[in-house]
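Take a look at the structure below.
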Amino acid sequence: MRATALRAAGRDVINWHVGRPDYDTPAHIKAAATAAMEAGHVHYAPAAGIPELREALAERSSLEWGTGVSADRVVVCNGGMEAVYASLAALIDPGDEVIVPTPNWPNMRWATRLAGGTPVEVPLEDGQLTAEAVAAKVTHRTRAVVLSSPGNPLGTVASPPDLAKIAQLAAEKDIMVFSDETYCRLYYGGAQDETAPSIMSMPGAAERTLAFGTFSKTYAMDGWRLGWLVAPTAADAVEITKARYYISSCSPTFTQHAAVVALRSSQDCVREMVEAYRTRRDALVEGLANIDGVSLPGGTPMGAYYLFPDISRFGDSGVVAKALLEEHGIACIDGAVFGKEGSGHLRIAYSCSLEDCRRGVDRLGMALNSMRS
C-alpha cells in the first residue's frame with residue numbers, strides 16, 4: 001500500500017487507515033496456543049468447531065444477549081468473513097435480495113454477490129438503519145436485511161427501540177436478519193463490561209437472526225483468522241457447516257483451544273483496550289469539533305474504533321484522501337469505499353496511539369484549512 005511505501009521511505013505517516021487493533025494478542029492467549037500445539041492439537045478439527053469452543057461461545061453469547069444459546073447453533077469459522085459468506089452460500093438462492101445499509105463494511109455487498117444474491121442498499125439516517133427505510137425496500141425477493149451495530153465505518157450503535165422495530169418488521173415480512181456483532185464489546189455507552197444492544201436480545205428475533213462475530217477486534221487476534229456465527233436453529237448451523245466445509249474444511253485446532261482460554265479467562269485485556277479506544281475517540285471528537293466545515297453524522301460514535309467525518313465542503317473525498325496522504329502524511333480511507341452514501345466522508349480508524357490521534361487531528365485541521373477554496 002502507498003502508506004506503507006511512504007513510511008518505508010522515511011515519511012512520518014499517521015496510520016488512520018487500517019481497521020485492526022494496534023495491540024498485540026494478549027500473552028496468555030498466545031501461551032494457550034503454544035500449549036495446545038505442544039499437547040498435540042495440530043490436526044483436523046470438526047468442521048463446526050471443537051466442542052469446547054462452541055460451548056464457550058454459547059456461554060458468552062447467552063451472557064451478552066440475556067437469552068439461551070445452545071452450542072449446536074454455533075459454527076466456528078476462519079474469521080468473520082467466512083462466517084458471513086458461508087451463511088449466505090447456504091441460505092440464499094440466486095436472485096434473492098439482501099438489504100444492506102450504506103455506508104457500511106463493503107464485504108457484505110460483495111459476499112452477497114459472490115453467493116448469487118443481489119445487494120439492495122438502504123441509506124442510513126443520521127447514522128442509523130431505520131425500520132421504515134428497510135420496509136420501503138422490501139420486495140417479494142427479499143431474503144434478509146443486514147444490521148451492523150456498532151457499525152463500520154460510523155461506529156454508531158442502534159438503540160433497543162430501533163432494534164425492536166427491525167425485529168418486528170422482519171417477522172411481519174418473513175425475512176432474516178444478518179447481524180454483524182463484530183464490535184459489540186467495543187462499546188462506550190454503558191457500564192464496564194456492558195456490550196452494545198443486540199437484536200438477539202429482542203423478543204422473537206433469535207429465531208430468524210444470524211449473528212456473526214470474530215476474535216479479531218475484541219482480543220486483537222486479527223491475524224489468527226478466527227470467527228464464529230450463531231444460527232437461528234441447529235438445523236441451520238448444519239447447513240452452514242456443510243458450506244464452510246467446502247470453503248476451508250475447518251479452523252486450526254490449536255487456535256480454537258486458545259480462543260477458549262480467551263473467552264473463559266480474565267477479561268482485563270479487553271477492558272484495557274476499550275478504555276484506551278474511548279480516550280482516543282474523545283481526543284479525536286474534540287479535535288474534529290474545532291475544524292470548521294467538518295461534522296460527524298450520527299454524532300459521537302458509541303462503539304467500534306472509527307470516525308466518519310463529513311468533509312464534503314473540501315472537495316471530492318477520494319481527491320481529499322489522496323492529498324492528505326501524499327502531501328500531509330495522513331493515511332485514511334475514502335468514504336466512497338463503503339457505499340454510495342459514503343462519498344464526501346473519510347474513515348478514520350483510531351486503532352493507533354493516543355499521540356498519533358492528537359498529532360493527526362492537528363495535522364488534519366491544517367491540511368483541510370489549506371484546501372479551502
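Residue count for the stretch 104-145 under the criterion of being in contact (Cβ under 8 Å) with a residue 60 or more places away in the chain, open to solvent by 20 Å² or more (accessible area, probe 1.4 Å) and part of a helix (DSSP H, G or I): the result is 1. Residues that are exposed (fewer than 14 other Cβ atoms within 10 Å of the Cβ), touching a Pro at 6+ places or on another chain (Cβ under 9 Å) and modelled with pLDDT of 95 or more: does the stretch 19-30 have at least one? No, that holds for no residue.
Across the stretch 329-340, the number of residues qualifying as at pLDDT 95 or above and either among the basic types (Lys, Arg) or not in a strand (DSSP E or B) (or both) comes to 6. When you check ARG280 against the structure, is it closer than 25 Å to ALA220 by Cβ, touching a Cys at 6+ places or on another chain (Cβ under 8 Å) and of a type in the set (D, E, K, R), yes or no? Yes; evaluated as a whole, the condition is true for this residue.
Restricting to the stretch 155-206, give me the number of residues that are part of a loop (DSSP other than H, G, I, E, B), acidic (Asp, Glu) and within 19 Å of LYS137 (Cα to Cα). Total satisfying the criteria: 1.
Per the conditions (1) at pLDDT below 95; (2) surrounded by 24 or more Cβ atoms within 10 Å (Cβ to Cβ), the sole criterion not satisfied by GLY204 is (2).
Can you name the residue in the stretch 70-88 that is open to solvent by 20 Å² or more (accessible area, probe 1.4 Å) and either over 14 Å from ALA231 (Cα atoms) or basic (Lys, Arg) (or both) and is also farthest from the chain's Cα centre (by Cα) among such residues? My answer is ARG73. Residues that are over 23 Å from MET273 (Cβ atoms) and either aromatic (Phe, Trp, Tyr) or part of a helix (DSSP H, G or I) (or both) were ranked within the stretch 207-239; the one that is most open to solvent (accessible area, probe 1.4 Å) is GLU207. Selection over the stretch 264-303 of residues that are of a type in the set (Lys, Arg), open to solvent by less than 20 Å² (accessible area, probe 1.4 Å) and farther than 15 Å from SER351 by Cβ gives a count of 0.
The values are calculated or read from the model by the stated rules, or taken from the named source; none is laboratory data. Computed from a prediction, not measured in an experiment: that's the story for all the values here. Heads up, the Cβs are rebuilt from the backbone with ideal geometry, glycines too, and the neighbour counts pull from every protein chain shown. Each accessible area value is taken on the protein alone, full model and side chains, heavy atoms only, with ligands, DNA and RNA left out. Shrake-Rupley method; radii C 1.70, N 1.55, O 1.52, S 1.80 Å.
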